[in-house]
Every structure is written in C-alpha cells, then in structure tokens.
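The values are calculated or read from the model by the stated rules, or taken from the named source; none is laboratory data. Predicted model only: the values in this text are computed from it and were never measured. FYI the Cβ positions are ideal-geometry reconstructions off the backbone, even for glycines, and counts take in every protein chain you see.
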C-alpha cells in the first residue's frame, strides 16, 4: 500500500467551510433590490470590485453608485457579464433569470449564490461575526437562516469587539515568537497564556500601548509560561437572574483563577463561573460576617500579587451599596491592576420584575436609593428629604429598620396610605411581591414571614403594580410557576 487511506466516521458535511479572498477582484451582483444591496455591501466590506447589473436600483444601491463604490449597468443580465468574474450573486425577483445565472456560472465553475434558493447555489452565505482579522461564520447549510442568526447573536455576546484589535496585535509578533520558541508546544503554551491573560484584558479595556509593552517583555523573557501580573475583576452579578448579566461579566467569569463571591450572588450565576476556579465565599449577613471587609480587601491584594486573575463577584452593582469603593481604594493604594464591570442594581431589577416603574410622569419625578442601615447599624437618615410626595424611595437592606422607616416617613409628612411594595428575592424563581401601605407594612412583614434579601419601594408608583405586573401575566397559564405575587391592599 503506497498511500494513506482516511475514513470519516459519521455524516458528510453539506458544505466545505472556507474563507475566500476577493480583495480587489471583480465580483458580480445581478439585481437591484434590498437583497442585492446587502450582497454588494458585504462584498465591499471584503474589498471586492463590485459590478451591479439591474435596470433599476434600490435606494441603498443607488447611494453606493453615487459614491462611486460600485459600478452599475442599467440593463438586463447577459452571459458576457460573467467574463472575468470570480464570484456571482443572483438576486433578482425573476426566478427564470436567477436559474439562468446559476446554470451559466456553474458551467464556468464560478462560485454562485442564488438568493433564497439553496438548490441553485454552489456556495451559501453564513451568518457572520466580524472582529477582523478574527471572523467566525455560522451556517445551518441553508436549512434555517434564523437559527444561524440566533447562534451568531449568542456568540456575539461572548466575543468582545476588542478581539479584532487583539488579533491585529499578535499578528505582528508571530515571527518573533517563532524565533523565541522553536518548539510548537512551547509556542502553543505561550500564546494560550497571552491570549487568555492580562495582555488580552489590556486590549479589551483600551490599553493598547500597555498590552504591546507587556507582550514584548514576555517575548524578551523567552518563557513559554511568562509571569503575568495579577488583576482583580470587580464584577456586578445583578439581582439574581443570570440573563441579566452583562457580556463582559460573563466573559470574565470564565477567565478567573479565583472567585471571591458574596451571599447575594445566586447559585444560578455561580454555575456560570469557570469550573476549575478556586471559590472563596465571603458572604455577609446582618451581625454575621463570614469575613470582615478589611480582610476581604487584603485577600484580594494577596491573590493578585500571586499572579492570579481574581473575580470579585458582587450581587447587584458593586458601586451601589456594594462596598466596591472600599475595595478598589485598597487595590489602588497597593498598585494592583483592576477593572470594574457594572451590574444591574437591585432597585432596577426588582422593580422591573415587579412591574413597578421607579419614575413616572404622573407619579414620581425623582428616585432615591437608600441603605436601610449605616456602617454603625443605625437608621439615621435625612427623613425630611425622603418624605417627598412626588418621588420614589428604594430602601436596600431595610427589613430590620422597617419600623423606623414607617414611623419617620409619616412623621415627616408622607400620608400613612402611601403605597409600599416589598420584593423578596427579586428576579429569581423564588421572587415574591407584596403590596401594602406605610400604615400596614409591619403587619405584612410579620404575617408573611418575609426574609432578606428584600427590597422596599415607597411611593405612588407602587400603585401601578396591579396594572403592570407583566411577569405574573407571563406565567399565568403555568400552574407550576414559582413566581408569587400577593396584594394585601385592594386599593394599592
């Protein structure tokens, strides 16, 4: 036997995925409508020389012609139009013309794509994620373009726009890395460390100069496992629903070596962190702290100095009653690199899932976020400023101070009939919503056995809950729904 035989176990692919260079090469688009305009625009983005054949043009195509970006011939298609072309799109609204173009192009072995007719195509267009020079193509072999777009949308969120800049950066260092690391395995380990570490994060956050300098130093050190500087990611995990995480939060959750997380980070969100990351719980409850704040600050510094990527994961937003400011003060003082990723704070998430707008032209023209207890455990607030009839007040961590809250707001001018909502474990499957008034709030808390974390919303906007509780409507046909709603006042 003089050759090697390869057997592919499984189904054959419908198409061979390739990337085709058309830069400065002649390509043909037949048709003048919106579909033809999209094909022409895509070709232009790839640097092709585009000719459009059509008696009349769509507005977008006409604009491209006026800008001298495409050549237009206002007539019907003829076979000679294929001369010299390297790629053809048939996008007319005449089926027989599209069939003719497909047949003639195939006879010449030209790549041809016919809009909305995969049978007449010898290539199809995928759904594209463009982070040039990084490009990702998603295809369902023409069986479901909608599914391909959905998959592309999911991938878009996991691939920052900065990947294009990262690709361009490393492209200029390939030869130097090859010279520094003669073995393929060494180069692979080196690039894995670079592309998954601090250099990449510096690019993503716009620090291109620092990223280049760090990459150059790593090459000069000629180590396939360069010592990377540790960093802390201060990330807001939102109020509980994993779907409310930001794209950047999810990406950093997958990159961290160590995860330091709070009590308010939901189990569903913790399931999304990197599976082999070290996990450190530092949750705090009233009068029960797993770790003092000062110790948490020192822990972050120590882990970063060990060269680790540290994910400091906080419920809600780190800068809204999350002590994020205290932590980055320590990091900045110790010259530890860090980045901050905002999260949806509990006030936004819980009020939205409860159908309570925080502002409304007819009810509230301002909104105030207030912590239910201060550093020394008191509830000493500016009650005069809070007791305003045309604003919404949201109390974080307010259950323990609820008696003082009700007493002082009424004493400073708010009617005892002012609507109040309690949102327990908001945005999670265990969410419960109760409505009351300042006069009846304490009875609701006692009778319903409400536990933290619970957000208290005070103001006229709470009255809109009965009309706008969209989540209840969404689940009303599902008898197994775990979202619970209860109103204790018929007039609230």
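Out of the residues in region 21-40 that are in contact with a helix residue (DSSP H, G or I) (Cβ under 8 Å, 6 or more places away or on another chain) and in a strand (DSSP E or B), state the one that is surrounded by the fewest Cβ atoms within 10 Å (Cβ to Cβ).
Going through the qualifying residues, I end up with 27.
Which residue pairs have Cβ atoms under 6 Å apart, sit 6 or more places apart or on different chains, and have a first residue in region 9-37 that is within 21 Å of residue 72 (Cβ to Cβ) and a second that is surrounded by 10 or more Cβ atoms within 10 Å (Cβ to Cβ) and at pLDDT below 90?
Listed pairs, sorted by first residue: 32/58; 33/58; 34/58; 37/58.
Could you please find all residues in region 83-104 being surrounded by fewer than 18 Cβ atoms within 10 Å (Cβ to Cβ) and in contact with a strand residue (DSSP E or B) (Cβ under 7 Å, 6 or more places away or on another chain)?
84, 86
Out of region 150-167, which residues are surrounded by 15 or more Cβ atoms within 10 Å (Cβ to Cβ) and at pLDDT 85 or above?
Matches in region 150-167: 151, 152, 162, 163, 164, 165, 166, 167.
Residue 151 passes all but one of (1) free of Cβ contacts under 8 Å to residues at least 24 places away in the same chain; (2) assigned by TED's automatic domain parsing to the domain that holds residue 132; which number fails?
Every condition holds for residue 151 apart from (1).
Based on what the data block shows, is residue 215 in a helix (DSSP H, G or I), at pLDDT 85 or above and under 22 Å from the mean Cα position of the chain (by Cα)? Don't jump to the end; show me each part of the working.
Working: in a helix (DSSP H, G or I): yes; at pLDDT 85 or above: yes; under 22 Å from the mean Cα position of the chain (by Cα): no.
It is false that residue 215 is in a helix (DSSP H, G or I), at pLDDT 85 or above and under 22 Å from the mean Cα position of the chain (by Cα).
Hey, residue 45 hits all of (1) surrounded by fewer than 18 Cβ atoms within 10 Å (Cβ to Cβ); (2) touching a strand residue (DSSP E or B) at 6+ places or on another chain (Cβ under 7 Å) but one; which does it fall short on?
(2)
Residue by residue, here is whether (1) within 27 Å of residue 246 (Cβ to Cβ); (2) out of contact with any strand residue (DSSP E or B) (no Cβ under 7 Å at 6 or more places or on another chain); (3) surrounded by fewer than 16 Cβ atoms within 10 Å (Cβ to Cβ) holds:
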position	(1), (2), (3)
133	yes, yes, yes
143	no, yes, yes
179	no, yes, yes
211	yes, yes, no
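Residue 226 - would you say it is modelled with pLDDT under 85 and in contact with a helix residue (DSSP H, G or I) (Cβ under 8 Å, 6 or more places away or on another chain)?
Details: modelled with pLDDT under 85: yes; in contact with a helix residue (DSSP H, G or I) (Cβ under 8 Å, 6 or more places away or on another chain): yes.
The answer is yes for residue 226.
With the checklist (1) farther than 23 Å from residue 249 by Cα; (2) surrounded by 12 or more Cβ atoms within 10 Å (Cβ to Cβ); (3) at pLDDT below 90 in hand, flag the one item residue 377 doesn't pass.
(2)
Is there any pair linking a residue in region 75-90 that is more than 11 Å from residue 27 (Cβ to Cβ) to one that is exposed (fewer than 12 other Cβ atoms within 10 Å of the Cβ) and modelled with pLDDT of 95 or more, with Cβ under 7 Å and at least six apart or on different chains, and which?
75/55; 76/55
From 107, 80, which residue is at pLDDT 95 or above, within 14 Å of residue 53 (Cα to Cα) and either surrounded by fewer than 18 Cβ atoms within 10 Å (Cβ to Cβ) or not assigned by TED's automatic domain parsing to the domain that holds residue 56 (or both)?
Numbers: 107 fails: within 14 Å of residue 53 (Cα to Cα).
Of 107, 80, the one residue that is at pLDDT 95 or above, within 14 Å of residue 53 (Cα to Cα) and either surrounded by fewer than 18 Cβ atoms within 10 Å (Cβ to Cβ) or not assigned by TED's automatic domain parsing to the domain that holds residue 56 (or both) is 80.
What are the residues in region 110-125 that are in contact (Cβ under 8 Å) with a residue 60 or more places away in the chain and surrounded by 18 or more Cβ atoms within 10 Å (Cβ to Cβ), if any?
111, 113, 115
Check residue 335 against each of (1) surrounded by fewer than 22 Cβ atoms within 10 Å (Cβ to Cβ); (2) not in a loop (DSSP other than H, G, I, E, B) and name the one condition it does not meet.
Failed condition: (2).
Could we say that residue 344 is at pLDDT 95 or above, within 21 Å of the chain's Cα centre (by Cα) and in a loop (DSSP other than H, G, I, E, B) here? Step through it out loud before you land on a result.
Working: at pLDDT 95 or above: yes; within 21 Å of the chain's Cα centre (by Cα): yes; in a loop (DSSP other than H, G, I, E, B): yes.
It is true that residue 344 is at pLDDT 95 or above, within 21 Å of the chain's Cα centre (by Cα) and in a loop (DSSP other than H, G, I, E, B).
Can you name the condition, by its number, that residue 379 falls short on among (1) under 19 Å from residue 464 (Cβ atoms); (2) in a loop (DSSP other than H, G, I, E, B); (3) in contact with a helix residue (DSSP H, G or I) (Cβ under 6 Å, 6 or more places away or on another chain)?
Of the numbered conditions (1) under 19 Å from residue 464 (Cβ atoms); (2) in a loop (DSSP other than H, G, I, E, B); (3) in contact with a helix residue (DSSP H, G or I) (Cβ under 6 Å, 6 or more places away or on another chain), the odd one out for residue 379 is (1).
A quick yes/no check of all residues on (1) under 20 Å from the mean Cα position of the chain (by Cα); (2) touching a residue at least 40 places away in the same chain (Cβ under 8 Å):
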site: 260; (1), (2): no, yes
site: 268; (1), (2): yes, yes
site: 274; (1), (2): yes, no
site: 284; (1), (2): no, no
site: 298; (1), (2): no, no
site: 321; (1), (2): no, yes
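Return yes or no: is residue 447 in the same structural domain as residue 420 (by TED's automatic domain parsing), out of contact with any strand residue (DSSP E or B) (no Cβ under 8 Å at 6 or more places or on another chain), modelled with pLDDT under 90 and more than 19 Å from residue 347 (Cβ to Cβ)?
Values: in the same structural domain as residue 420 (by TED's automatic domain parsing): yes; out of contact with any strand residue (DSSP E or B) (no Cβ under 8 Å at 6 or more places or on another chain): yes; modelled with pLDDT under 90: no; more than 19 Å from residue 347 (Cβ to Cβ): yes.
Spelling it out, it is not the case that residue 447 is in the same structural domain as residue 420 (by TED's automatic domain parsing), out of contact with any strand residue (DSSP E or B) (no Cβ under 8 Å at 6 or more places or on another chain), modelled with pLDDT under 90 and more than 19 Å from residue 347 (Cβ to Cβ).
If a residue must be under 25 Å from residue 368 (Cβ atoms) and in a helix (DSSP H, G or I), how many such residues does region 294-328 contain?
5
Scan (1) modelled with pLDDT of 90 or more; (2) over 24 Å from residue 205 (Cα atoms) for the single condition residue 116 breaks and write down its number.
Residue 116 satisfies every listed condition except (1).
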